[in-house]
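The values are calculated or read from the model by the stated rules, or taken from the named source; none is laboratory data. None of these values were measured; they are calculated from a predicted model. Note that each Cβ is placed from the backbone with ideal geometry, even for glycine, and that neighbours are counted across all protein chains shown. What goes into the accessible areas is simple: the full protein's heavy atoms, side chains included, and nothing from ligands, DNA or RNA. Shrake-Rupley method; radii C 1.70, N 1.55, O 1.52, S 1.80 Å.
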Protein chains: 2
Amino acid sequence: MYQIGVDIGGTNIKMGLVDDRLQIVRRVSVPFPHEDSEAVAKRIASEVRGLLAAQEVPEAELSSVGVIVPGSIDPTGAIILDAYNLGFHNVPFKAQLQAQFSGIPVYLANDADGAGLAELGRGAFVGCQTAVLLTLGTGVGGGLILGGRMFSGGKRQGVELGHMPLVAGGEPCTCGNLGCIEAYCSATALAREGVRAMQTHPESLLATGSGGDPSRIDAKFVIDCAKEGDEAAKAVFDRYVDYLGSACISIIHLLDPEVIAIGGGVCGAGEFLFAPLRANVAKKCFYGDFAKIVPAAMGNDAGMIGAAMLGRNAI
Amino acid sequence: MYQIGVDIGGTNIKMGLVDDRLQIVRRVSVPFPHEDSEAVAKRIASEVRGLLAAQEVPEAELSSVGVIVPGSIDPTGAIILDAYNLGFHNVPFKAQLQAQFSGIPVYLANDADGAGLAELGRGAFVGCQTAVLLTLGTGVGGGLILGGRMFSGGKRQGVELGHMPLVAGGEPCTCGNLGCIEAYCSATALAREGVRAMQTHPESLLATGSGGDPSRIDAKFVIDCAKEGDEAAKAVFDRYVDYLGSACISIIHLLDPEVIAIGGGVCGAGEFLFAPLRANVAKKCFYGDFAKIVPAAMGNDAGMIGAAMLGRNAI
């Protein structure tokens, strides 16, 4: 049997035909059409039929169609409550898709949840009962595996790991609260601290390398300056690692997971990030034997793989 | 059938004969004998036999003996790693007890885990799949229910909810880290802030009511002064509620539980605590429909009931 995994983003819709070993045997990507959700559902169905035809797979061999979106899903898994990048609000997307695929079960989930599921299927969480995915990008997202399955909240309202308080009363977060993990551990936060350090250290590589232009300072630039040995950048990076270590401790002391996987652009830093991060966690952790902290393994295919797995996760 | 629930504390050992409806039908309490663990196991067995005889229940009607201790248990549930109040370290207590109860399964767990289980059996968590118990005392402890069962960590090393960072880099915690939930939300933390406010506000009721003696300021005194309308105490209490609200948010944004129950002496404040706490959480929470926040229901019997439930939890 095969599954279809659809990863809807604000830029593209990626669709994959996935086999029982979770390999993508054929894929297609189309620009996200900024139309109403019904039109989007029809477009997806037409592309999926194209995929099946091209691979000569009859619809009868399709066991499920799974879709992930960057947004919140209602507790029944039927309605997209808010997906700002897609312009979808209170949309009965499961039903709209189901109307296109009669007899084939359709599943809908949040993209961060799906990414965690993909790690369980083929990535960093294979064989795990308890694991946490932390994605450090513009914001901080996360996916939870509990009891060997995707966990999208006890009341099924999703996991908002980036908005656990880390420094209650601290830096303002995009969500309106103060001191969330996102406000300290996102790539955005690392860049923000890089800009501040550039301004107070005009002699630093952060300042000279950027020509004093804040818009040229992103997370990668801060990491690169730190790697070059720039003291100001190194201090920013060390503080970032310390906060990220505390975020990991928060998860470890509550759930004691087997693995924490970290995804997002910041992970490009590799062991320059992971080695001091593990040392920081070891220093703060109650357990000598704590979660393995590793880079997320699934990369850009995580969405399609996770979406394709929604059917088996539901069983 | 009946179960025995044993709650070992540094002061007393409480033993209850518990029926299938989780009622304690007979109980006995003896001072904790500061002896080696083998002698303690023998003492427990002898008291349990006395309980059975007094109630005229034959040993054949006993389906399990469960014991909870204030300390850490190894992942197999066999060894007490560290129970400082009992003076037990690396003690094979399950085997020592099992030797006293041939044919009756013996279970061993941490007291906070057991208290969570008791709430599931007969208290605030009845019918819940996902729930969290937060105990605010000298320290902050916690018990987790996930998937409708006691969860003692993905690697079975226990839950250290009180040592999730709340203000990373903040107040020193007894554990050596900075800014743990315990350092802001324990009764000890509330008293500490009361003392500080008393020192900076000599006109306050905190100061006049205590005669300026820090040793007379405990959590209850701070709460009582706040209830009296003392401005300094009210400010301390409001900050405490704000931190406790953030601790709840941390749990809610990660697990989205159905219920958070709060136990410990601080709960004596009743709605004076719970009403502003719920309002604080509502202000910060991503979900309009978040966990019920209620007082823990099981009180002093939680330990015995939870211990008695360990057998059924293991199935």
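Before moving on, here are some points about what is shown:
- Interatomic Cα distance distribution for segment B:261-315, bins of 10 angstrom, percent: 20, 36, 26, 17, 0
- The residues of segment B:229-254 occluded by other protein chains by 50 Å² or more of accessible area, set against the chain on its own, are B:His253, B:Leu254; surface from heavy atoms, 1.4 Å probe.
- For segment A:183-261: Kirkwood Rh in Å [reciprocal of mean 1/r, alpha carbons]: 13.0
- Counted over segment B:124-297 with a bin width of 10 Å, the fraction of Cα pairs per bin, in whole percents, is 10, 38, 35, 13, 4, 0.
- Copy-to-copy label separations for A:Thr174, where each label sits 7 Å from Cα toward Cβ, in nm and ascending: 4.0
- Across all Cα pairs in segment A:75-170, the calculated P(r) in 10 Å bins from zero up to the longest distance comes to 15, 38, 35, 11, 1, 0 percent per bin.
- If the Kirkwood radius is taken over C-alpha pairs of segment B:108-161, then at 37 °C and 0.692 mPa s the Stokes-Einstein diffusion coefficient equals 301 µm²/s.
- Relative contact order (%) - criterion: Cα under 8 Å, at least six apart; region: segment B:161-268: 21
- A Cβ-based charge dipole, computed about the Cα centre of the protein assembly as shown with Lys and Arg at +1 and Asp and Glu at -1, lands at about 620 debye.
- GluC sites (Glu not before Pro), loop per DSSP, at most 13 other Cβ atoms within 10 Å - longest free stretch of chain A: A:57-202
- Mean Kyte hydropathy of -0.5 or more with a Cα span along the axis of at least 24 Å, helices from DSSP in chain B: B:37-55, B:231-255
- Counting Cβ atoms of other protein chains within 10 Å of each Cβ in B:176-183 and taking the mean gives 3.
- Based on alpha carbons, the Rg and Dmax found for the protein assembly as shown are 26.9, 87 Å.
- When trypsin sites (Lys or Arg not before Pro) are flagged only if DSSP places them in a loop and at most 14 other Cβ atoms lie within 10 Å, the longest unflagged stretch of chain A comes out as A:157-315.
- Non-local Lys pairs in segment A:127-297, i.e. 8 or more apart or on different chains, that have alpha carbons under 26 Å apart: 10
- Rounded to the nearest 5, the antiparallel percentage of DSSP beta bridges internal to segment B:21-130 is 50%.
- Residues in segment A:130-157 that, when all protein chains are in place, have 40 Å² or more less accessible area than the chain alone would give (probe 1.4 Å): A:Gly154, A:Lys155, A:Gln157
- Residue-normalised accessible area of segment B:122-260, given per residue in Å² at a 1.4 Å probe: 35
- At 0.692 mPa s and 37 °C, Stokes diffusion of segment A:1-83 via Kirkwood alpha-carbon radius, µm² per second: 246
- Pairing chain A with chain B buries about 3200 Å² of accessible area. This figure sums both sides and uses a 1.4 Å probe.
- Shown for B:Tyr84: label points 7 Å from Cα along the beta-carbon vector, and their distances to the equivalent points in the other copies, 4.5 nm in ascending order.
- Calculated [θ] (222 nm, deg cm²/dmol) that DSSP helices of n ≥ 4 give over the protein assembly as shown, each run adding -39,500 (n - 2.57): -12000 deg cm²/dmol
- If you look at the Cα atoms of segment A:159-206, you get an Rg and a Dmax of 12.4, 42 Å.
- Taking a straight Cα-Cα cut-off under 13 Å and skipping sequence neighbours fewer than 8 places away in the same chain, the aspartates and glutamates within cross-link reach of A:Lys14 are A:Glu47, A:Asp111, A:Asp301.
- Summing Cβ point charges (Lys, Arg +1; Asp, Glu -1) relative to the Cα centre of segment A:127-297 gives a dipole of roughly 500 debye.
- Position B:Val30, label points 7 Å along Cα→Cβ, spacing to each other copy in nm (shortest first, one decimal): 7.7
- Accessible area of segment A:86-183 belonging to carbon and sulfur atoms, whole % at 1.4 Å probe: 49
- Each principal axis of chain B carries a Cα extent, and these read 64, 44, 34 Å when sorted largest first.
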